[in-house]
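Accompanying notes for the structure given below.
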Amino acid sequence: MHLLFADSIADQAIAELESRGYRCSVEPALTTADLPGRITGVDGLVVRSTKVDRAVFEAADKLALVIRAGAGTNTVDIEAAARNGVQVSNVPGRNAVAVAELTMGLILALDRRIADNVADARQGRWAKTTYSKANGLLGSALGIIGLGSVGLAVAERAAGFGMRIACLDRPGRSRAIRDRLAELDVVCYGSIPELLASSDVVSLHVPSAAETKNLVDADFLAAMKRGAILVNTARGDVVDEAALLAALDAGHVRAGLDVFTDEPGSGTAEWDSPLAKHPRVVATHHIGASTEQAQKAIAAGVVEIVDAFAAGEARNCVNLAPRGLGSATLTVRHLDKVGVLARVLELLREADLNVEHMQNRIFTGGEAAVATIDVAGTVPADLLAHLEAMPEVLGSSLVALDCTGTERA
């Protein structure tokens, strides 16, 4: 397998992959515009900040896997990848601590005006009177929107500063998460306006998606306390930047921003951002995950995904349809002999049933196996009878699904 790395990655990951026999080309200087002309002959592409657009998938001849070496996949054209049968995987959770640490750093920098302190000191200006005023974090309220691995890591660290933590009440949280929130005395609110009205600091940790685009708009900002801090270490498009600029100009909020909608796609570039220049903003260069610890963890995750892919497993894949998209799930217990599954699939073809997903697992001892097959189409009433007429079939069952993939009685 030929793997192309269009961004830098820990040397240890390259060494491990090459030790497994993979051919690795590390070319971190590649840009989005370069990729279509470089993708020929490449089986797997690994990127961090480099964008992978439709032209890459259209130019590829062998590409089967794209790994975004980080949590988000908004820099990859997921739809184009799906149309071309290319698996897109990410490495979630490995950089949570790094992002949480930067989040706390931005909060401290805004509260104590650290960047302005440094700028004046470097210019030879002593301004203790100006900078001796700060609210302090002890007892202040931090509202976290998006309580995944990063949001939870922020909550844990903020609690260490004596901050009161709040989040949104969401159904379906695991018992372990609920127990941890209870340990941290986290208060859960039923709506965003309620959360904003109670928060001195609001920290965003949501993915880039249709439902989160411009989540922070003029109404959101107006609902924040006057003088409150907004921190975004998630994705640039979560914030309506024009609305934020207006709120900053009005002196209503302050902001710590690590991500922007117009940030350059390369590691070094000229960039003119009104937000980054604003005196009520502390801006960093999308470095949330950029610690040595995080990069080593992410690199290890990349190796795990490549190994799983080579073994036929789609680990952390974001563009495969979920199980149960068909009309029924067929389970066939059978003797592990050559040709059995071929005959099962032939019967499905004769019944005009399309296979949406299939898995075959061998039982201990290697004599029997069980195949689970999601099919789409109208299932003939006599399908199970035809299957069980095969001498190698030990038994079969069929579960009908509704349009959402839920079992139907």
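The values are calculated or read from the model by the stated rules, or taken from the named source; none is laboratory data. Keep in mind that what you see is a predicted model, and the values were worked out from it rather than measured. Because the Cβ atoms are built from the backbone with ideal geometry, glycine has one as well, and the counts that use them run over all protein chains shown. With ligands, DNA and RNA removed, areas are computed over all heavy atoms of the protein, side chains included. Shrake-Rupley method; radii C 1.70, N 1.55, O 1.52, S 1.80 Å.
Give region 228-265 a look and list any residue that's of a type in the set (Gly, Ala, Ser) and either within 24 Å of residue 99 (Cα to Cα) or open to solvent by 40 Å² or more (accessible area, probe 1.4 Å) (or both), or say none.
Across region 228-265, the qualifying residues are 228, 234, 236, 242, 246, 250, 255, 256, 265.
Considering every residue within region 113-132, establish whether at least one is touching a strand residue (DSSP E or B) at 6+ places or on another chain (Cβ under 7 Å) and among the small types (Gly, Ala, Ser).
Yes, that holds for at least one residue.
Filter region 1-35 down to residues that are touching a Lys or Arg at 6+ places or on another chain (Cβ under 8 Å) and not in a loop (DSSP other than H, G, I, E, B) and give me whichever is modelled with the lowest pLDDT.
For region 1-35, the residue satisfying everything is 12.
Quick check: anything in region 325-341 open to solvent by 20 Å² or more (accessible area, probe 1.4 Å), touching a residue at least 40 places away in the same chain (Cβ under 8 Å) and under 30 Å from residue 220 (Cα atoms)?
Within region 325-341, none of the residues are open to solvent by 20 Å² or more (accessible area, probe 1.4 Å), touching a residue at least 40 places away in the same chain (Cβ under 8 Å) and under 30 Å from residue 220 (Cα atoms).
Do we have any residue at all in region 342-356 that's in contact with a Leu (Cβ under 7 Å, 6 or more places away or on another chain) and modelled with pLDDT under 90?
Yes, region 342-356 has at least one match.
Please list, ordered by first then second residue, the pairs with beta carbon atoms under 6 Å, 6 or more apart or interchain, first in region 15-28 and closer than 19 Å to residue 48 by Cα, second assigned to a loop (DSSP other than H, G, I, E, B) and among the charged types (D, E, K, R).
From region 15-28, the pairs are 28/7.
Tally time: how many residues in region 288-324 are open to solvent by 10 Å² or more (accessible area, probe 1.4 Å) and in a helix (DSSP H, G or I)?
Residues in region 288-324 being open to solvent by 10 Å² or more (accessible area, probe 1.4 Å) and in a helix (DSSP H, G or I): 10 in total.
Confirm whether residue 357 is closer than 22 Å to residue 78 by Cα, free of Cβ contacts under 8 Å to residues at least 60 places away in the same chain and open to solvent by 50 Å² or more (accessible area, probe 1.4 Å).
yes
Is it the case, given these coordinates, that residue 344 is open to solvent by 50 Å² or more (accessible area, probe 1.4 Å) and outside any loop (DSSP other than H, G, I, E, B)?
no
Do we have any residue at all in region 373-380 that's over 9 Å from residue 328 (Cα atoms), of a type outside the set (A, V, I, L, M), open to solvent by less than 90 Å² (accessible area, probe 1.4 Å) and modelled with pLDDT of 90 or more?
There is at least one residue in region 373-380 that is over 9 Å from residue 328 (Cα atoms), of a type outside the set (A, V, I, L, M), open to solvent by less than 90 Å² (accessible area, probe 1.4 Å) and modelled with pLDDT of 90 or more.
Considering region 52-76 alone, what residues qualify as being among the basic types (Lys, Arg) and within 15 Å of the chain's Cα centre (by Cα)?
68, the sole residue that qualifies.
Can you list residue pairs whose Cβ atoms sit under 6 Å apart, with the first residue in region 302-313 being over 13 Å from residue 46 (Cα atoms) and the second being open to solvent by 50 Å² or more (accessible area, probe 1.4 Å)? Count only pairs 6 or more apart in sequence or on different chains.
The qualifying pairs are 308/315.
If you check residue 180 against the conditions, is it open to solvent by 30 Å² or more (accessible area, probe 1.4 Å), under 18 Å from residue 137 (Cβ atoms), of a type in the set (Lys, Arg) and in contact (Cβ under 8 Å) with a residue 12 or more places away in the chain?
no
Out of everything in region 36-51 that is under 12 Å from residue 4 (Cβ atoms) and in a loop (DSSP other than H, G, I, E, B), what residue ends up being most open to solvent (accessible area, probe 1.4 Å)?
Here the answer is 40.
Can you list residue pairs whose Cβ atoms sit under 7 Å apart, with the first residue in region 227-252 being among the aliphatic types (A, V, I, L, M) and the second being open to solvent by 10 Å² or more (accessible area, probe 1.4 Å) and assigned to a strand (DSSP E or B)? Count only pairs 6 or more apart in sequence or on different chains.
Matching pairs, first to second residue: 229/254; 248/281.
Restricting attention to region 201-219, which residues are in contact with an Asp or Glu (Cβ under 6 Å, 6 or more places away or on another chain) and among the charged types (D, E, K, R)?
Of everything in region 201-219, those that are in contact with an Asp or Glu (Cβ under 6 Å, 6 or more places away or on another chain) and among the charged types (D, E, K, R) turn out to be 213, 217.
Looking only at region 391-405, which residues are modelled with pLDDT of 85 or more and under 40 Å from the mean Cα position of the chain (by Cα)?
Those that are modelled with pLDDT of 85 or more and under 40 Å from the mean Cα position of the chain (by Cα): 396, 397, 398, 399.
With the structure loaded, tell me whether residue 268 is in contact with a Gly (Cβ under 8 Å, 6 or more places away or on another chain) and open to solvent by 70 Å² or more (accessible area, probe 1.4 Å) or whether it fails that test.
Here the answer is no, as residue 268 does not meet what is asked.
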